Amino acid sequence: MAAAVNPIKVDAHTDQLISHAAHFLGRSKKDIVDVAVREYIDNHRAEIQESVTRALHQLDGTVAGSVSLLTGMSRSELDDLGGFADR
């Protein structure tokens, strides 16, 4: 299956940096962004994993858990606003 191409938007300064790097390294802008994103994710893998683990702990199958994750509000904050009846 062919990979989907999805455009990303960056500010003008970042685009200029990507363009310069691509030119001086003899690579395409797409290659520069691909490598940069992969390196960034590799360098922040533990941070990403920690966030995923926290999110999974919040998703306990309850409506309150889902709303808490989506809103960033704690269970006690949701309870202060009236809470949710668990099904």
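Read-outs throughout are calculated quantities, based only on the coordinates presented, and are distinct from any laboratory measurement. Everything quoted here is computed from the prediction, not taken from an experiment. As a convention, Cβ positions derive from the backbone with ideal geometry for all residues, glycine included, and neighbour counts pool all protein chains shown.
Of the GluC sites (Glu not before Pro) found in the range 2-87, not one falls in a DSSP loop while having at most 16 other beta-carbon atoms within 10 Å.
Across q = 0.18, 0.19, 0.21, 0.23 Å⁻¹, the chain modelled as identical point scatterers on its alpha-carbon atoms has Debye log10 I(q)/I(0) values of -0.86, -0.90, -0.98, -1.07, in the order of the q list. Multiplying the residue separation of ASP34 and HIS13 by 0.36 nm and removing their Cα-Cα distance gives an extension gain of 5.8 nm. Residues in the range 28-33 carry Karplus couplings, in order, of 7, 4, 4, 5, 4, 5 Hz; the curve used is 6.51 cos²θ - 1.76 cosθ + 1.60 with θ = phi - 60°, and Gly or Pro positions show x. What the Cα convex hull of the range 24-71 gives, in volume per residue, is 96 Å³. Look at the alpha carbon pairs under 8 Å that are at least 6 residues apart: their mean separation over the length of the chain gives a relative contact order of 14 percent. The simple Förster model, with R0 at 22 Å and r as the Cβ-Cβ distance, assigns GLU50 and LEU81 a FRET efficiency of 0.20.
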